Amino acid sequence: MMQMKEYKEVPQDVPHDDAVVRQPQVTGNPVVSDSVTAGGGGGGAVENWMSIPVGMPNCPQGLEYLTALDQLLISQKIEKLELITGFETKNRFKIKNSLGQNVYFATEESDCCTRNLLGRSRPFEMKILDNFQNEVLHLHRPFRCDILCCFPNCLNAVEVQAPPGQVIGTVEQVCTFMKPKFNIKNSFGDIVLTIEGPVCPCKCFSDTNFKVFSVNNEQIGKISKQWSGLGRELFTDADYFSVTFPLHLDVRMKALIFSALFLIDVVYYEQ
């Protein structure tokens with residue numbers, strides 16, 4: 001099991017009925033494109049951002065967006081340097097809502113040596129940023145050895161913090177010999193959700209679904225790795241994903257399901 005850092009107790013509340021929970025409007029906050037906000041240089045086109053919901057009690061700052069959403073669309077940026085040289089670069093993702101409005105950017109923090117020598121076993125930090133470049137979620141993924149994948153200390157895991165420095169839970173791989181499985185645990189180490197993938201998670205010409213189940217074994221959502229075309233699949237590891245969950249699910253549980261996507265990506269879809 002992944003060793004948890006110290007954390008403060010936080011309430012696990014669903015947004016109250018009198019809170020303002022609304023679907024995103026078409027208007028948003030215009031900012032420059034991911035070439036600037038995700039750490040690149042130069043100018044970029046103005047992009048449309050989702051308006052932040054208001055009136056959300058007991059919600060970690062920056063996660064208010066999730067209270068109004070039941071779906072996220074995630075696209076990984078194709079890095080030109082990676083295409084030209086074949087060297088693994090830092091992963092960067094753009095996260096949108098179903099209307100195509102930007103919600104977050106995700107950027108990997110790791111060094112060149114570990115990315116290219118350790119591949120998908122590498123440790124990394126993942127920062128989830130809002131449109132003001134404030135970090136609202138922080139993911140910590142320690143080194144894990146693929147060869148000894150069923151040893152307890154070698155199972156893949158990611159620790160999720162919101163806000164950064166305050167652990168809200170973990171996503172931990174379960175040792176199985178058929179379907180991939182992950183446990184989602186809250187800040188107290190209790191299993192609150194599970195994720196189950198298909199026997200073959202690397203399908204061609206079709207989407208791959210990882211189903212999300214409650215503790216009562218009821219499917220409440222899914223993480224889908226979407227088929228992005230033969231050329232993109234063969235020559236890059238830049239993928240498309242979607243995440244769905246109930247609208248009124250606790251915002252921290254939504255954040256943990258969303259965070260599980262990055263662990264699934266590095267375990268099964270990093271080339």
> Which members of segment 109-129 meet the condition of being modelled with pLDDT under 95, under 17 Å from residue 77 (Cα atoms) and buried (at least 18 other Cβ atoms within 10 Å of the Cβ)?
Replying inline: 110, 115
> For segment 163-218, what are the residues that are among the aromatic types (Phe, Trp, Tyr) and modelled with pLDDT under 90?
Replying inline: 177, 205
>> With the requirement that a residue be aliphatic (A, V, I, L, M) and outside any strand (DSSP E or B), what does segment 172-221 give you?
In response: 178, 199, 215
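The values are calculated or read from the model by the stated rules, or taken from the named source; none is laboratory data. All of these numbers come straight from a predicted model, not from anything done at the bench. Please note: Cβ atoms are built from the backbone with ideal geometry, for glycine as well, and neighbour counts cover all protein chains shown.
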